[in-house]
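K.L.:
The following block contains the structure, expressed as structure tokens.
The values are calculated or read from the model by the stated rules, or taken from the named source; none is laboratory data. Because the structure is a prediction, the values reported are computed rather than measured. Here the Cβ positions follow ideal geometry from the backbone for every residue, glycine too, while neighbour counts run over all protein chains shown. Please note that ligands, DNA and RNA were not included when accessible areas were found on the heavy atoms of the full protein model with its side chains. Shrake-Rupley method; radii C 1.70, N 1.55, O 1.52, S 1.80 Å.
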Amino acid sequence: MSRFFSTTHKNLVPYVPGEQLNDKKYIKLNTNESPYPPSDKVKKAVSEEVSRLMLYSDPDSKELVSALAKRYNLPEDCVVVTNGSDEILNFAFLAFCDSTHPAIFPDLTYGFYKVFANLYNLPYTEIPLNKDFTVSPEDYMLNNATVFLANPNAPTGIALELSEIEKIVKANPDNVVIIDEAYVDFGTESAVSLVNKYDNLLVTQTFSKSRSLAGARLGMGFASPELIKDINTLRYSTNPYNVNRMTMKAGVSAIEDDDYYMNNCKKIQLTRDYTASSLKELGFFVTDSKANFLFAESKRIKGSDLYVKLKEKGVLIRHFESDRISNFNRITIGTQEQMEIFISKVLEILEEEK
Ligand code: PMP
């Protein structure tokens, strides 16, 4: 810390992203990216846009907002796009939390929620997940707080049914409920269909996972026009050109190529089933993940040891040092071929442990 760093932030604990290592070629199963490349249409659209980079991007990303509104069957004023969904989550903490609207979220969830709450010095409560890592919807009904729920949750991958999400939204008419659907396309029913019905619901999604654009940074939010207006007030007060020209075009083309991406999601779901059953055969406990990752532990090897040994063998997975889950690892679903290699390396390691 420099001697100039604001005292307001001196105790800030930043978010720690997954490793992005270049020291050798890894099978990268640690940051929930898609193993499949962007479609040809996306590649072409991005390269064509390069010659217009001397011009600022459209601050309202109209072409993309319109494509998303059509795709998700909503009016255009119910849609906003951001620099990754991290940015809309950031805006949501700024817009909908204060000393009289504390934030609540599970104790085990996306680590950035706590970072944002601390960054803005907002009061927050972490609600313990059940022993089996599930969320009890009733825990989010009577708190008079702004609710943040990832559905499916991370890093567990466990999802709530849409009817349960609706109960939570309905029970909080005077508070905003943010449903973070970063992983929704891998087999969970989306709450976007409820946006027309409830003015207190904000659904966030991302192009990073199901649409192979993690490196382009593109997220989106769906909500009532009033909530979207609030998000836009913050967006225009921080960075109106938050979505760059190439990313905007990539997003439009990705929506045009929806079949390609949704088919990739189906492939990932099949590979997830294969990987989960292979891990179970090797004695692992694996949560019922509806995301593009698995959350697993073995009684035969410590989570941290498995992570280190796999890394030595060229496979990166994600280990979290938090007490409750220190024996678990989060494993992103890659291609079928990558996951077969992963399983064979796990087997090798378990044999070496004997
Ligand atoms: N929500 C959850 C639950 C996530 O795991 C992530 C990815 N780290 C995000 C939001 C943010 O993703 P992005 O900013 O790439 O859209």
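K.L.:
How big is the accessible area of Phe4 in square angstrom, nearest 10, if you roll a 1.4 angstrom probe over the protein chains?
P.N.:
150
K.L.:
I would also like to ask the following. What is the log10 of I(q)/I(0) for the chain, computed with the Debye formula using one identical point scatterer on each Cα and no solvent, at q = 0.09, 0.11 Å⁻¹?
P.N.:
The computed values of log10 I(q)/I(0) come out as -0.51, -0.77.
K.L.:
Convex hull over the alpha-carbon atoms of region 1-49: what's its volume per residue in Å³?
P.N.:
It comes to 202 Å³ per residue, whole-number rounded.
K.L.:
Based on Cα positions only, what radius of gyration and what Dmax would you give for region 178-293, in angstroms?
P.N.:
Spelled out, the Cα radius of gyration and Dmax of region 178-293 are 16.9, 53 Å.
K.L.:
So which aspartates and glutamates can Lys345 reach, going by Cα to Cα under 14 Å and dropping same-chain residues fewer than 8 places off?
P.N.:
Correct list for Lys345: Asp305, Glu312, Glu337, Glu353.
K.L.:
If the only charges are +1 at each Lys and Arg Cβ and -1 at each Asp and Glu Cβ, what is the size of the charge dipole of region 270-353 around the Cα centre, to the nearest 20 debye?
P.N.:
Charge dipole, region 270-353, about its Cα centre: 260 debye, nearest 20.
K.L.:
Here's a follow-up. Two decimals, Cα atoms only, Kirkwood Rh: what is Rg/Rh over region 24-63?
P.N.:
1.14
K.L.:
With viscosity set to 1.306 mPa s and temperature to 10 °C, compute the Stokes-Einstein D of region 260-354, Rh being the Kirkwood radius across alpha carbon pairs; µm²/s, no decimals.
P.N.:
Answer from the Stokes-Einstein relation: 118 µm²/s.
K.L.:
Return one quarter of the surface area of the convex hull spanned by the alpha-carbon atoms of region 1-154, equal to its mean projected area, in nm².
P.N.:
14.8
K.L.:
Below 8 Å, C-alpha to C-alpha, sequence gap of six or more: please give me the relative contact order for region 1-149 in percent.
P.N.:
The normalised contact order for region 1-149 reaches 20 percent.
K.L.:
Another question about this same structure. In region 94-226, carbon and sulfur make up what percent of the accessible area (probe 1.4 Å)?
P.N.:
With neighbouring chains kept in place, the figure for region 94-226 is 50 percent.
K.L.:
A follow-up question, please. Once you keep just the Cα pairs under 8 angstrom separated by 6 or more residues, what percentage relative contact order results for the chain?
P.N.:
23
K.L.:
Moving on to the next point. Any idea what Rg and Dmax come out to for region 57-109 if you just take the C-alpha atoms, in Å?
P.N.:
Cα-based Rg and Dmax for region 57-109 come out at 14.3, 38 Å.
K.L.:
Hey, another quick one. Kindly flag which residue pairs out of Lys44/Lys197; Lys209/Lys229; Lys43/Lys70 have an alpha-carbon separation exceeding 28 Å in this structure.
P.N.:
As for pairs spanning more than 28 Å Cα to Cα, those are Lys44/Lys197.
K.L.:
Regarding region 1-84, what's the average projected area of the Cα-atom convex hull, expressed in nm²?
P.N.:
Quarter of the Cα hull surface area: 10.8 nm².
K.L.:
Provide the net charge surrounding Asn32, with neighbours chosen by a C-beta distance below 9 Å and charges set as Lys +1, Arg +1, Asp -1, Glu -1.
P.N.:
Counting the neighbours of Asn32, the net charge comes to +2.
K.L.:
How much accessible area per residue does the chain have, counting only protein heavy atoms and a probe of 1.4 Å, in square angstrom?
P.N.:
That works out to 46 Å² per residue.
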